[in-house]
Amino acid sequence: MGRWKSVILDTLLMTAGFGTLTFMGVARPDIIKHFGIPDSAYELQHIAYVFGLFVAFLIGHTRLYEGSFKRSVGIVVSWAAIPQMLIPFVGNWNAVVFLRFIQGFVVGLVPLFSTQIARYFVAERPFAKGIILSGIFWGGVFGSISARYLLGYVSWKMGFILTGLVIYVVYALWYAFTEDFEIRHPRGGEAKVNVWKLPFTWVLGFTFFPALWVIFTIIGFSSSLGYKMGWTKSHVATLSTTLSISKALWSIGFGYLGYQLSKKNTDPRGLFNAIVRVMIIAYAVAFLGLVVYSKAMLAGNYSLALASVVLVGALQGTGPAFWTSAPATYPQEVVPRANFALGLISNSANAVAPTVTDLLAKHSETLALAELTIMPLIGILTLLIVRRMRLPVEE
């Protein structure tokens, strides 16, 4: 039971870390008024945050996250908490944009927790990881609800300070009941494998790229298209919340499926085949969802769009499997480095996807929807390729 206690604590910390960041969106009118900026300038903070999610994986290759696991997690949550508490005190909007970029580094929790659960589980890894990853989306849902409630009682500035403190309160609880261990990144002659020199690393990293391409694009794209068609703020918020809940539930559901498939064969190849199967199924469901979503958005059918995002959320079902691929396929001593390498390759989608989709949409909304819809098929093709490759641990 101790192992699952760690999973629950990790999920709570993910929920707190990502949940508090939703306060920026909820307090949008107050922030725009305070800084005297146009809507277009406000969007810069979100672009900076998403780019920070990408840069976070570069930081994982430094010595910053070596040594104590608990200390490393403390550094990561501080990337979110400290800027959160500084934002009310800076008088320059560009400084806020920079602080939001720093907050994107909180995604470093994902590879760190992957390294942790690799120590505790084998077949159960996808299920454990699915529960932990769901915390990102529970954070979005509950963070948004609690932020609206909080703004009814305190100023937006005090709200930022309080939500920053919440992260540290949850971290203190997590710290008290979590087992520590040492993280080491072998260097030079120590490492049996250079993860960056393996074609397997690049292809495997790219298997998650199409999922993130859609995940980090579809909410903003839906909002833009929805408002253009005359949907209300309530309509757009409901669509976003439905997608977040869907992703959280698919994350847990596909994680459990991964566990059921993994326990049949727990050698590296058996675990990897289970990972590939789960990701292919998730992409197939999401593809059907995106076909329906495209039809709904072109027709302006809100009810159909709302139903479609329930299926589109299956994209997140690829996450639990992907984030357990490193401990299944790489030698144990390079798993932490492999986690960050795979995260960097896959999360490069964050840096370009929203911009590319927006440019396509300006030319043709149909073209932009086709681009999003084809992504799961690219994911499936990449998975079929990587399944035939030799695993690093088999070298």
Completion exercise
Being within 16 Å of the chain's Cα centre (by Cα) and in contact (Cβ under 8 Å) with a residue 40 or more places away in the chain narrows Val7, Val77 down to just Val77
Practice task
For the stretch 222-237, state whether one or more residues are buried (at least 18 other Cβ atoms within 10 Å of the Cβ) and over 24 Å from Gly25 (Cα atoms).
Solution key: no
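Rundown of residues vs (1) in a helix (DSSP H, G or I); (2) under 18 Å from Gly319 (Cβ atoms); (3) aromatic (Phe, Trp, Tyr); (4) not assigned by TED's automatic domain parsing to the domain that holds Ala361, yes/no style:
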{"site": "Ser223", "(1), (2), (3), (4)": "yes, no, no, no"}
{"site": "Trp231", "(1), (2), (3), (4)": "no, no, yes, no"}
{"site": "Ser234", "(1), (2), (3), (4)": "yes, no, no, no"}
{"site": "Ala237", "(1), (2), (3), (4)": "yes, no, no, no"}
{"site": "Leu243", "(1), (2), (3), (4)": "yes, yes, no, no"}
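Identify, please: which residue in the stretch 186-204 is part of a loop (DSSP other than H, G, I, E, B) and not small (Gly, Ala, Ser) and is, among those, modelled with the highest pLDDT?
Taking the stretch 186-204 and keeping what is part of a loop (DSSP other than H, G, I, E, B), we get 186-187, 191-194, 198.
With not small (Gly, Ala, Ser) added as a condition, the list becomes 186-187, 192-194, 198.
Working: Pro186: 62, Arg187: 60, Lys192: 67, Val193: 75, Asn194: 86, Leu198: 94.
Top of the filtered list is Leu198.
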Exercise for the section: Report yes if Leu64 is touching a Ser or Thr at 6+ places or on another chain (Cβ under 8 Å), in the same structural domain as Ile167 (by TED's automatic domain parsing), assigned to a helix (DSSP H, G or I) and surrounded by fewer than 17 Cβ atoms within 10 Å (Cβ to Cβ), otherwise no. Expected result: yes
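Inspect all residues belonging to the stretch 255-274 and state whether any of them is among the charged types (D, E, K, R), assigned to a helix (DSSP H, G or I), in the same structural domain as Leu377 (by TED's automatic domain parsing) and without any contact (Cβ under 8 Å) to a residue 60 or more places away in the chain. Give the steps one after another, and end with the answer.
First, the residues of the stretch 255-274 that are among the charged types (D, E, K, R): 263-264, 267, 269.
Among the residues that remain, those that are also assigned to a helix (DSSP H, G or I) are: 269.
Okay, now just the ones that are also in the same structural domain as Leu377 (by TED's automatic domain parsing), so 269.
From what is left, the residues that are without any contact (Cβ under 8 Å) to a residue 60 or more places away in the chain are none.
No, the conditions are met nowhere in the stretch 255-274.
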Problem - Counted residues, the stretch 282-326 - those being closer than 27 Å to Leu271 by Cα and surrounded by 24 or more Cβ atoms within 10 Å (Cβ to Cβ) - result: 18
Fill in the blank from the handout: Counting only residues that are surrounded by 14 or more Cβ atoms within 10 Å (Cβ to Cβ) and farther than 19 Å from Ile167 by Cβ, the stretch 8-42 contains a total of 9
Handout entry: Unique residue being buried (at least 17 other Cβ atoms within 10 Å of the Cβ) and either within 22 Å of Val352 (Cβ to Cβ) or out of contact with any strand residue (DSSP E or B) (no Cβ under 6 Å at 6 or more places or on another chain) (or both) when the list is Val154, Val169, Val214
Key = Val214
Practice task
Check the stretch 294-302 and report whether any residue there is assigned to a helix (DSSP H, G or I), among the polar types (S, T, N, Q) and at pLDDT 95 or above.
Solution key: yes
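Take Thr115 and decide whether it is in contact (Cβ under 8 Å) with a residue 60 or more places away in the chain and touching a strand residue (DSSP E or B) at 6+ places or on another chain (Cβ under 8 Å). Step through it out loud before you land on a result.
On the way: in contact (Cβ under 8 Å) with a residue 60 or more places away in the chain: yes; touching a strand residue (DSSP E or B) at 6+ places or on another chain (Cβ under 8 Å): yes.
It is true that Thr115 is in contact (Cβ under 8 Å) with a residue 60 or more places away in the chain and touching a strand residue (DSSP E or B) at 6+ places or on another chain (Cβ under 8 Å).
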Practice task
Say whether the condition of being of a type in the set (A, V, I, L, M), part of a helix (DSSP H, G or I), at pLDDT below 95 and within 18 Å of Met14 (Cβ to Cβ) is met by at least one residue in the stretch 37-50.
Solution key: yes
Problem - Yes/no for Ile32 being outside any helix (DSSP H, G or I) and outside the structural domain of Ile219 (by TED's automatic domain parsing) - result: no
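Mind checking whether some residue in the stretch 146-153 is in the same structural domain as Met14 (by TED's automatic domain parsing) and under 24 Å from Ile75 (Cβ atoms)? It would help to see each step written out before you state the result.
Going through the stretch 146-153, the residues in the same structural domain as Met14 (by TED's automatic domain parsing) turn out to be 146-153.
Now restrict to residues that are under 24 Å from Ile75 (Cβ atoms): none.
So far as the stretch 146-153 goes, no, none of its residues is in the same structural domain as Met14 (by TED's automatic domain parsing) and under 24 Å from Ile75 (Cβ atoms).
The values are calculated or read from the model by the stated rules, or taken from the named source; none is laboratory data. Note that the structure is predicted; figures quoted are calculated from it, not measured. Heads up, the Cβs are rebuilt from the backbone with ideal geometry, glycines too, and the neighbour counts pull from every protein chain shown.
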